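Novice: Can you keep this structure in mind? I'll have questions shortly.
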Amino acid sequence: MTKLSEFSTMPEDVDRGSAGATSLLAQRANEVLKEKINWPSYLQSQMMSQEDFEVMNKLESRGSARETLLLQQRPLVAKTFISLLSHVSKDSTIQYILVLLDELISEDPSRLDMFRENARKHKGENQWTAFLNLLTRPDPFTTHMIARILSKMCCWGTERMEGSDLTFYLTWLKDQLRTTGNEYVQCVCRCLQMLLRIDPYRDAFFKLDGVVTIVQVLGSGKHNFQIQYQLTFCLWVLTFNHEIAEKMNKYGVIPTLGDILSESVKEKVTRITLAVFRNLIEKPQDSIISRDNCIQMVQCKVLKQLEILAQHKFDDEDITADIEFLNDRLQTSIQDLSSFEEYCSEVKSGRMEWSPVHKSEKFWRENCHRLNEKNYELLKILIQLMETSTDPLVLSVACHDIGQYSRHYAAGKKVLEQLDGKQCVMAHLSHSDPNVRYEALLAVQKLMVHNWEYLGKQIEKESEKP
């Protein structure tokens with residue numbers, strides 16, 4: 001089992017970890033800090049007060065005056081930073097102020113509370129406002145430095161961000177994850193790694209469709225192993241919330257991580273992926289959900305991958321322990337597995353293929369009505385797959401199953417019309433793949449045959465009337 005030491009040391013990891021030391025943001029910050037700002041010119045042009053000028057001089061002196069200031073006059077230091085960040089417009093100066101502030105925080109995280117103390121001195125002020133406003137600036141280095149500082153304020157300070165401020169910040173982070181070609185995406189991931197250790201932030205992020213975003217980014221295949229690790233770490237941290245862990249299987253987490261596990265060449269990516277899988281079995285309080293997750297892992301070829309991994313020798317004992325745990329639980333889950341449970345797992349995974357149940361007439365005679373359970377849950381998933389999937393195999397099997405449902409369930413056509421399933425099938429009659437066209441044609445024929453059979457019975461009834 002992955003140790004919580006990885007979980008608890010995340011704040012240090014953000015600043016001192018090997019990835020943090022080589023990140024583009026950290027490199028650029030080191031360059032910015034070497035630049036000199038002409039504060040006298042700001043003072044002469046009345047763009048800063050005498051008090052702010054003196055504070056900046058002491059902070060840059062790196063002597064006893066600096067230490068005394070930071071020990072005895074923290075609210076004044078906070079006031080100076082807020083004033084400059086609110087009134088200076090030049091990008092290079094804003095960048096310097098932010099990097100200097102980040103350095104002060106990293107030296108002593110308790111200094112963060114100076115912003116809360118300053119806000120208390122000025123009634124009606126909010127310690128977050130000045131920083132959140134800067135997230136709208138066009139300069140990406142500035143906005144990502146702000147995000148970095150905010151994550152430390154949220155996690156290391158004594159006051160938690162909440163309400164509309166938290167929604168705005170988390171939405172910004174989520175949008176940056178989705179931004180194509182974001183050169184500071186590693187910084188965004190590290191902010192989330194910090195924030196999602198704290199349960200109220202987990203809950204807020206989940207409600208903003210954060211899991212959906214992470215899965216989409218991981219599934220795009222556009223990022224290197226470092227980003228894979230960081231985002232999978234975020235999923236792992238989220239699973240420590242029992243309610244979130246119980247809902248994870250609805251968002252394609254298992255299929256996406258199954259792909260990552262099969263392609264992983266880095267031990268740390270393998271370790272954190274296995275840890276997520278373990279939590280998806282251990283953390284849900286509903287045993288049915290845990291079993292469903294096990295079955296979906298089997299469906300996504302995780303069991304086969306575990307057999308391959310078991311042949312490797314890992315230095316990390318946690319990996320070996322997780323492999324043994326998962327192998328045992330997945331093997332148990334497939335014992336006494338009914339054909340319908342197998343079918344459910346396959347449909348919910350979105351990874352449909354020509355497994356035996358699809359071609360079994362007996363299966364459809366006995367189970368067609370079960371596609372109506374839970375407000376037509378499985379039927380809706382099949383229709384959604386036809387609408388969204390780009391995999392010809394998935395589309396072919398989904399069209400086939402819709403046809404079988406229509407053929408074996410008496411009210412199937414009516415239900416499919418209400419759910420727009422008929423239109424979805426017909427849209428694939430002109431699909432570029434011949435197998436999809438073929439299965440769509442068969443499904444449409446079954447729908448039409450159902451029509452004629454129904455019409456024939458009605459005519460018979462009419463003719464029998466006296």
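The values are calculated or read from the model by the stated rules, or taken from the named source; none is laboratory data. Note that this is a predicted model, so its numbers are computed, not measured. We place every Cβ from the backbone using ideal geometry, glycine too, and count neighbours over all the protein chains shown. These area figures cover heavy atoms from the full protein model, side chains too; ligands, DNA and RNA do not enter into them. Shrake-Rupley method; radii C 1.70, N 1.55, O 1.52, S 1.80 Å.
Novice: Which numbered condition trips up LEU150, out of (1) of a type outside the set (D, E, K, R); (2) more than 23 Å from LEU274 (Cβ to Cβ); (3) in the same structural domain as SER287 (by the TED database)?
Specialist: (3)
Novice: Right, another one. For the stretch 102-120: of the residues being out of contact with any helix residue (DSSP H, G or I) (no Cβ under 6 Å at 6 or more places or on another chain) and part of a helix (DSSP H, G or I), which is surrounded by the most Cβ atoms within 10 Å (Cβ to Cβ)?
Specialist: Per the criteria, the residue is ALA119.
Novice: Now, a different point. Which residues, counting only those in the stretch 271-290, are touching an Asp or Glu at 6+ places or on another chain (Cβ under 9 Å) and either under 13 Å from GLN228 (Cβ atoms) or surrounded by fewer than 22 Cβ atoms within 10 Å (Cβ to Cβ) (or both)?
Specialist: ARG271, ILE272, ARG278, LYS283, GLN285, ASP286, ILE289, SER290
Novice: Under 9 Å between Cβ atoms, at least 6 apart or on separate chains: pull out the pairs that start in the stretch 106-118 with a residue that is β-branched (Val, Ile, Thr) and end on any residue that is open to solvent by less than 30 Å² (accessible area, probe 1.4 Å) and assigned to a helix (DSSP H, G or I).
Specialist: none
Novice: From the residues in the stretch 227-265 that are in a loop (DSSP other than H, G, I, E, B) and in contact with a Lys or Arg (Cβ under 6 Å, 6 or more places away or on another chain), which one is surrounded by the most Cβ atoms within 10 Å (Cβ to Cβ)?
Specialist: THR239
Novice: Does GLN384 meet the test of being within 30 Å of the chain's Cα centre (by Cα) and surrounded by fewer than 17 Cβ atoms within 10 Å (Cβ to Cβ)?
Specialist: yes
Novice: Follow-up question, since we're still on this one. In this structure, is SER264 under 27 Å from GLU353 (Cβ atoms), out of contact with any Cys (no Cβ under 6 Å at 6 or more places or on another chain) and not assigned by the TED database to the domain that holds PRO200?
Specialist: Spelling it out, SER264 is indeed under 27 Å from GLU353 (Cβ atoms), out of contact with any Cys (no Cβ under 6 Å at 6 or more places or on another chain) and not assigned by the TED database to the domain that holds PRO200.
Novice: Next question, about the same structure. Counting only residues that are buried (at least 21 other Cβ atoms within 10 Å of the Cβ) and among the β-branched types (Val, Ile, Thr), which one in the stretch 182-210 is farthest from SER164 (Cα to Cα)?
Specialist: VAL185
Novice: Would you please name the residue that is farthest from ALA275 (Cα to Cα), looking only at residues in the stretch 320-378 that are charged (D, E, K, R) and crowded, with 17+ Cβ neighbours inside 10 Å?
Specialist: Among residues in the stretch 320-378 that are charged (D, E, K, R) and crowded, with 17+ Cβ neighbours inside 10 Å, the one farthest from ALA275 (Cα to Cα) is GLU342.
Novice: Next question. Let me spell it out: the conditions are (1) modelled with pLDDT of 95 or more; (2) open to solvent by less than 70 Å² (accessible area, probe 1.4 Å), and GLY412 meets all of them except one. Which number is the exception?
Specialist: Failed condition: (1).
Novice: Can you name the residue in the stretch 296-319 that is among the acidic types (Asp, Glu) and outside any helix (DSSP H, G or I) and, of all such residues, is surrounded by the fewest Cβ atoms within 10 Å (Cβ to Cβ)?
Specialist: ASP315
Novice: Another one. Given ASP175, ASP165, which one is without any contact (Cβ under 8 Å) to a residue 12 or more places away in the chain and open to solvent by 20 Å² or more (accessible area, probe 1.4 Å)?
Specialist: Result: ASP175 is the single residue among ASP175, ASP165 that is without any contact (Cβ under 8 Å) to a residue 12 or more places away in the chain and open to solvent by 20 Å² or more (accessible area, probe 1.4 Å).
Novice: Between a residue in the stretch 383-402 that is under 13 Å from VAL425 (Cα atoms) and any residue that is open to solvent by less than 10 Å² (accessible area, probe 1.4 Å) and of a type in the set (Asp, Glu), which pairs come within a Cβ distance under 9 Å, given they are 6 or more apart or on different chains?
Specialist: VAL397/GLU346
Novice: Follow-up question, since we're still on this one. For the stretch 415-429: of the residues being within 32 Å of the chain's Cα centre (by Cα) and closer than 12 Å to LEU442 by Cβ, which is least open to solvent (accessible area, probe 1.4 Å)?
Specialist: Per the stated criteria, the residue is VAL425.
So that you can scan it fast, the table gives a plain yes or no per residue for (1) of a type in the set (Ser, Thr, Tyr); (2) at pLDDT below 85; (3) open to solvent by 60 Å² or more (accessible area, probe 1.4 Å):
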{"residue": "THR22", "(1), (2), (3)": "yes, yes, yes"}
{"residue": "GLU35", "(1), (2), (3)": "no, no, yes"}
{"residue": "VAL55", "(1), (2), (3)": "no, no, no"}
{"residue": "SER64", "(1), (2), (3)": "yes, no, yes"}
{"residue": "LEU70", "(1), (2), (3)": "no, no, no"}
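Novice: For a quick check of your reading of the model, give me the residue pairs whose first member lies in the stretch 185-205 and is among the β-branched types (Val, Ile, Thr), whose second is assigned to a loop (DSSP other than H, G, I, E, B) and open to solvent by 20 Å² or more (accessible area, probe 1.4 Å), with beta-carbon atoms closer than 9 Å and at least 6 apart or on different chains.
Specialist: Matching pairs, first to second residue: VAL185/THR179; VAL185/HIS223; VAL188/THR179; VAL188/ASN182; ILE198/ARG160.
Novice: Sticking with this one: Considering the stretch 211-226 alone, what residues qualify as being open to solvent by less than 10 Å² (accessible area, probe 1.4 Å) and within 18 Å of ASN182 (Cβ to Cβ)? Break it down stepwise before answering.
Specialist: As a first pass, look at the stretch 211-226 and keep what is open to solvent by less than 10 Å² (accessible area, probe 1.4 Å): 211, 213-214.
The answer is THR213, ILE214.
Novice: For residues that are touching a residue at least 24 places away in the same chain (Cβ under 8 Å), of a type in the set (D, E, K, R) and part of a loop (DSSP other than H, G, I, E, B), tally how many sit in the stretch 124-161.
Specialist: Qualifying residue count for the region: 4.
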